[in-house]
Amino acid sequence: MADISHPSAFPSAMRKLKSPALRRALSEPATVFGLVLVAIHLFLAVFGPWIATHDTSALVGDPMQIPSWDFLMGTDQIGRDYFSRIINGGRIALMVSFFGVSLALFVGTALGITAGYIGGRVDEIIMRIVDAMMSIPELILIAILTLALGKDVLALIPVIAIVYTWGAIRVIRAKTISLSMLDFVRAAELRGESRWAIIAREIFPNLTGILGVELAVRISSAVLRISALSFLGLGISQPTPDWGLMVQEAMGVVFTDPWFLLLPALMLSSLIVGVNFMVDGLSRAFGISSSELG
Amino acid sequence: MGSIMNMLGRRLILSFAILSLTSLIVFLGTEVLPGDAITATIPAEELAFYTPEQLADLRKEYGLDRPLPVRFLEVWERLFTFDFGTTLIKKEPVLDHIAHPMINSGILAGLAMLVMLGLVLVLGILASLKPGGRLDTAISATTLFTYSMPDFVVGNVFVVIFAVWLGLTPAVIFAPTNAPKLTILLASLLPVAALCIHGAAYQFRLLRAGMVEALNSDYVERARLAGLPTWYICIRHALPVAMIPMLNGTAQFVAGLLSGSVVVETVFKYPGVGSELLRALAQREIPTIQAIAFLAALAVVTANFIADLAILGLDPRVRASAQHG
């Protein structure tokens, strides 16, 4: 009892657990597979322009060329270097997702802790708004938001943030409620600490694991959303390279050149597969239950 | 019994409140945020030719000069009485315009839901029989994989496999929106499969977790000691309780299914409400967008209400708390 009520006891115990958990995670081939995929994608996202040196939107030669030393994957329907577009096709979506989801998690954490720890009427109001927002199918909500905010790439950041805030509130609220019933929070309350001190020192530090999971899972899901939007003509538009947009472009030539469709599809799904296998393995090893993966 | 009716009444009122909030969000998104309906509907090039007086007249004609709460109440009343108005350009009733696509999309989503539930139940029970066993590992890894496959990617890969490589199906569906429903039904096979591959995985994970927990519980142990056969215990004792976490996520599931069908419909050129929505967005047909958004939210809220009823029927604890509370 004595060491549980001590505020620093819990995090330090977590820290000691860390390395065996990591070892456990790395012993699973599926997790390593996910980590490798994510590492490759991160590497491409950061160093893409140095790997594929052609300008992604410039017309560099005749359309539909077969692969050559100059154009490793040939050229597309209007003569842009296909390799450069494949390598760089995830950068914008990843960047937009990262900022949008971070914003959503920031707001979601603030509101989720408030709803979960303050409770009562505040909780009731916040959660009913969450219910209402989440009963609009995501894609229709995004459609309405793009109508309101415009179709600019930068406008996609608030759109993603607005769409992902509600789920984050739910997850953080649920975790906050289960945390606030634990002994170390009770002890802090009995010591007479203020609500803000308890939130900052007892509750928030224990949310970092689930926040990490949320960040990874929701970024991958946002990349998926954005590419689906681009595919529908509501997201990233020409001439920016984007895998969803490239799948849509390729639909017209699918009978003659199915690879134009399959390559961006492969890039996109390998990113999502990677993130999900990585998160699934890591969260199981660290004992964090993730919302999106059940 | 009376308190159960009470609880149902409360849920009904709550659903109504949620739907009202939803219509407020739709109203704010479509009519308030982009400036207003006039500047949103008229393309920017044409807007330059209008004088401020003409714009003011137009606003008056459409009632846009009145205060926001009044306008919202009007929109709210229209939506809740299913009076969706007329399309902006052709002045045709919105409902006539979207009725057939809605039914077609309903067929698609309904079929997908049935197939998914069947698939999820079978896989969930099989995987939970021996958690961590070879079958469980195989099913769990496969579903995690398919869960990561974007629905428009799955749809397009289907087109490549079945239409391009095997030549079994046409790449896109050529049925008009008012085609006989049997034609629509036949055309929806690949779209349904594409929806299920992505959508079933999440439900499966929820059900599997619920089943594993239920099969480890005391009352299942008791049934096992009583000598009941495993399949009977699974279906009669474990499944009802294990389905509850899945049913709690119904709203999200149906919302996801509707989002997914918009995407998959576009892939296969399926004559559903998805293409209608995209067209309405491109033309800034605000009444149509409002109608589709409202009806979609209505479908989600209704499905959630039915799921609440099902939970009430399945979980004795919830029934008991309703009776005591």
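The values are calculated or read from the model by the stated rules, or taken from the named source; none is laboratory data. No experiment lies behind these values; they were computed from the predicted model shown. Please note: Cβ atoms are built from the backbone with ideal geometry, for glycine as well, and neighbour counts cover all protein chains shown.
Just so you know, in the stretch B:114-124 the residues that are away from every other protein chain (no Cβ under 14 Å) and under 23 Å from A:Leu224 (Cβ atoms) include one that is surrounded by the most Cβ atoms within 10 Å (Cβ to Cβ), and it is B:Met116.
Which residue is surrounded by the fewest Cβ atoms within 10 Å (Cβ to Cβ), if the candidates are limited to the stretch B:125-141 and must be assigned to a helix (DSSP H, G or I), in contact with a Leu (Cβ under 9 Å, 6 or more places away or on another chain) and not acidic (Asp, Glu)? Don't jump to the end; show me each part of the working.
We begin by selecting, within the stretch B:125-141, every residue assigned to a helix (DSSP H, G or I); these are B:125-129, B:134-141.
Filter once more, keeping what is in contact with a Leu (Cβ under 9 Å, 6 or more places away or on another chain): B:125-129, B:135-136, B:139.
Filter once more, so that each one left must be not acidic (Asp, Glu): B:125-129, B:135, B:139.
Working: B:Ile125: 19, B:Leu126: 17, B:Ala127: 24, B:Ser128: 25, B:Leu129: 15, B:Leu135: 12, B:Ile139: 19.
This residue is B:Leu135.
Among the candidates A:Asp152, A:Asp131, the residue that is part of a loop (DSSP other than H, G, I, E, B), surrounded by fewer than 24 Cβ atoms within 10 Å (Cβ to Cβ) and within 22 Å of the chain's Cα centre (by Cα) is uniquely A:Asp152.
Of B:Val172, B:Val254, all but one fail to be out of contact with any Asp or Glu (no Cβ under 9 Å at 6 or more places or on another chain) and either among the basic types (Lys, Arg) or over 24 Å from B:Asp308 (Cβ atoms) (or both); the exception is B:Val172. Is it fair to say A:Arg170 is of a type in the set (D, E, K, R), more than 24 Å from A:Val279 (Cβ to Cβ) and either surrounded by fewer than 21 Cβ atoms within 10 Å (Cβ to Cβ) or touching a helix residue (DSSP H, G or I) at 6+ places or on another chain (Cβ under 9 Å) (or both)? Taking the combined requirement at face value, the residue does not satisfy it. Candidates are the residues of the stretch B:146-167 that are free of Cβ contacts under 8 Å to residues at least 12 places away in the same chain and in a helix (DSSP H, G or I); the one that is nearest to B:Glu276 (Cα to Cα) is B:Val153. Within the stretch A:236-278, track down each residue that is of a type in the set (Gly, Ala, Ser) and more than 11 Å from chain B (Cβ to nearest Cβ). A:Ser237, the sole residue that qualifies. Do you know which of the residues in the stretch B:65-91 that are closer than 11 Å to B:Pro287 by Cα and not β-branched (Val, Ile, Thr) is farthest from the chain's Cα centre (by Cα)? So the residue we want is B:Lys91.
The number of residues in the stretch A:217-231 that are within 16 Å of B:Tyr202 (Cα to Cα) and either in contact with a Pro (Cβ under 6 Å, 6 or more places away or on another chain) or polar (S, T, N, Q) (or both) comes to 3. Does the stretch B:259-275 hold any residues that are of a type in the set (D, E, K, R) and surrounded by fewer than 24 Cβ atoms within 10 Å (Cβ to Cβ), and which are they? Matches in the stretch B:259-275: B:Lys269 only. Just name the residue that is modelled with the highest pLDDT out of those in the stretch B:1-56 that are exposed (fewer than 13 other Cβ atoms within 10 Å of the Cβ) and among the charged types (D, E, K, R). My answer is B:Arg10.
Just checking, which of A:Ile140, A:Ile126 is more than 28 Å from B:Leu281 (Cβ to Cβ) and either surrounded by 18 or more Cβ atoms within 10 Å (Cβ to Cβ) or touching an Asp or Glu at 6+ places or on another chain (Cβ under 9 Å) (or both)? Result of the check over A:Ile140, A:Ile126: A:Ile126. Would you mention how many residues in the stretch B:288-311 are more than 23 Å from B:Pro93 (Cβ to Cβ) and within 9 Å of another protein chain (Cβ to nearest Cβ)? Number of matching residues: 3.
Restricting the search to helices (runs of 4 or more DSSP H) fully inside the stretch B:168-241 and requiring at least 1 residues that are touching a Pro at 6+ places or on another chain (Cβ under 9 Å) and touching a residue at least 12 places away in the same chain (Cβ under 8 Å) gives B:181-187, B:189-215. Scan the stretch B:218-232 and give yes if some residue there is buried (at least 16 other Cβ atoms within 10 Å of the Cβ), over 30 Å from B:Val159 (Cα atoms) and of a type outside the set (A, V, I, L, M), otherwise no. No: zero hits. Considering the conditions (1) closer than 19 Å to B:Val263 by Cα; (2) at the interface with chain A (Cβ under 9 Å from one of its Cβ atoms); (3) of a type outside the set (Phe, Trp, Tyr); (4) in contact with a Phe, Trp or Tyr (Cβ under 7 Å, 6 or more places away or on another chain), B:Gly155 is excluded by exactly one of them, (2).
Has the stretch A:98-110 got any residue that is within 21 Å of the chain's Cα centre (by Cα), under 21 Å from A:Ser221 (Cα atoms) and within 14 Å of another protein chain (Cβ to nearest Cβ)? Looking for residues that are within 21 Å of the chain's Cα centre (by Cα), under 21 Å from A:Ser221 (Cα atoms) and within 14 Å of another protein chain (Cβ to nearest Cβ), one finds none in the stretch A:98-110, hence no.
Identify, by number, the condition in (1) modelled with pLDDT under 85; (2) surrounded by fewer than 17 Cβ atoms within 10 Å (Cβ to Cβ); (3) under 30 Å from B:Ser188 (Cα atoms) that B:Leu247 doesn't meet. Here B:Leu247 meets the rest and fails (2). Residues of the stretch B:245-278 that are more than 22 Å from B:Cys196 (Cβ to Cβ) and away from chain A (no Cβ under 11 Å): B:Glu276 alone. Identify, please: which residue in the stretch A:70-98 is in contact with a Gly (Cβ under 8 Å, 6 or more places away or on another chain) and at pLDDT 80 or above and is, among those, nearest to A:Val163 (Cα to Cα)? So, considering only residues that are in contact with a Gly (Cβ under 8 Å, 6 or more places away or on another chain) and at pLDDT 80 or above, the one nearest to A:Val163 (Cα to Cα) is A:Ala93.
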